[in-house]
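Visitor: Structure in structure tokens, see below.
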Amino acid sequence: MIGRTLGFYFARRFFASVTMIFFSCVGLIMLVDFLEMARRTADRDTVSAVTVALLTIYRTPAFTEQLLPFAVLFGGMATFVTLSRKLELVVARAVGLSVWQFTSPALLVAFLIGVFATCVFNPVSADFKERANRMEAEIFNTASGVFTQGTSGFWIRQQSVDGQAIIQAAASQQGGRQLTGVTVFEFDRNGKLTDRVEAKSAILGDGYWTMREARVLVPGSDQQTFETYLLATKLDPKQIQESLVSPETVSFWQLPDAISNAEQSGFGAARYRLQLQSLLARPFLLVAMVLIAAVVGLRVFRFGGVGQTILGGVLAGFLLYLGTKLAEDLGDAGVVHPIAAAWFPALAGIFMGVLILLHREDG
């Protein structure tokens, strides 16, 4: 069994490498995103540099969640390659340590990083993502006109005492309770279109939507404009949140309630299930990345060929990440069960890493 001092040394080296790579990439992401947001808001005099910087800060955590597996992969590769080049792993093997013993500290650290990212960092990221969406809606939607329509907006079908209505919104705020760039198609009980309502914003109340700066277009009649227009609805705030809010803006601890509310209200909960399972599988995905890095490190110190081996490790990590994203897309589309879509890439990466290490170490 690896000693406490040596295990702590390997763990500290691995954690330092991951941290350095992670924050270096975070700084680069923030710089690029700040410049991009500054370019997009250059024609808006009311948007200051401080506002752009704050928006960049709110947007960054969502990007860094996607970055974390690569930081662990590259940090693990840097750690094992450095230990190999300095012959520290040779000394460890000389005193009788197996590959499983001197990789176990890095595996444990990676698993704990994944737990921290899921339980602590994800709620912060979800909250910041919601704030970023709110700021972007205020900056871009309100500045581009009263009746802004987004091609990637939200759609929802609702029932009320007046009949059925289909709501399209360019953006949502406050957990889906406030919409901007709203268009509503109202139908009577027989399914016939009665009118179309366009509004700058809509706020969900108790049994109704309060629509601001609305104009109503009735077939065969002149257009009417209202400062306030009320639209009946049977939706409550929880239901509308599950319909409109992106899973990325729902924290890990709120996802079980979001799934339950979506199922009770009749909305699809597959994307929330997929997000929950992906977060649960994240520590194991990071473990898979460490195993890939270990394969690279062992190959270097035993067989040489640093450049080709590192390139192969990077390619393997990217393929694993792409496989994860492909599985998530299939799960989001309903082709694959959310549990299988979230867990299969991580478990497959672990099994492949273990098999390669077993083959190289034990024949």
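Visitor: Send over a whole-number figure in Å² for the accessible area per residue of segment 94-134, probe 1.4 Å.
Guide: Counting only protein heavy atoms, the per-residue value for segment 94-134 is 43 Å².
Visitor: Ok, one more. Under 29 Å Cα-Cα from residue 192, which lysines qualify once same-chain neighbours fewer than 8 residues away are excluded?
Guide: List returned: 200, 234, 238.
Visitor: Then there's this: At a 1.4 Å probe, what is the % contribution of carbon and sulfur to the accessible area of segment 1-131? It would help to have the intermediate numbers written out before the result.
Guide: Details: 4760 of 6700 Å².
On segment 1-131, the fraction of accessible area on carbon and sulfur atoms equals 71 percent.
Visitor: How high is the FRET efficiency from residue 218 to residue 161, r the C-beta distance, R0 22 Å, rounded to 0.05? Walk me through the numbers on the way to the answer.
Guide: Working: r = 19 Å, r/R0 = 0.86.
Step by step, r from the Cβ atoms, then E = 0.70.
Visitor: Under the 0.36 nm per residue contour assumption, what length would be gained going from the current alpha-carbon distance of residue 116 and residue 188 to full extension?
Guide: On the way: separation 72, 0.36 × 72 = 25.92 nm, distance 5.08 nm.
Additional length available on full extension: 20.8 nm.
Visitor: Accessible area, 1.4 Å probe, largest first: how do 229, 208 sort?
Guide: 208, 229
Visitor: Between residue 322 and residue 57, take the C-beta separation as r, use R0 = 35 Å, and let me know the FRET efficiency to the nearest 0.05.
Guide: About 0.75, to the nearest 0.05.
The values are calculated or read from the model by the stated rules, or taken from the named source; none is laboratory data. This is a predicted model, so every value here is computed, not measured. Note that each Cβ is placed from the backbone with ideal geometry, even for glycine, and that neighbours are counted across all protein chains shown. Remember, those area values only see protein heavy atoms, side chains included, never the ligands or the DNA or RNA. Shrake-Rupley method; radii C 1.70, N 1.55, O 1.52, S 1.80 Å.
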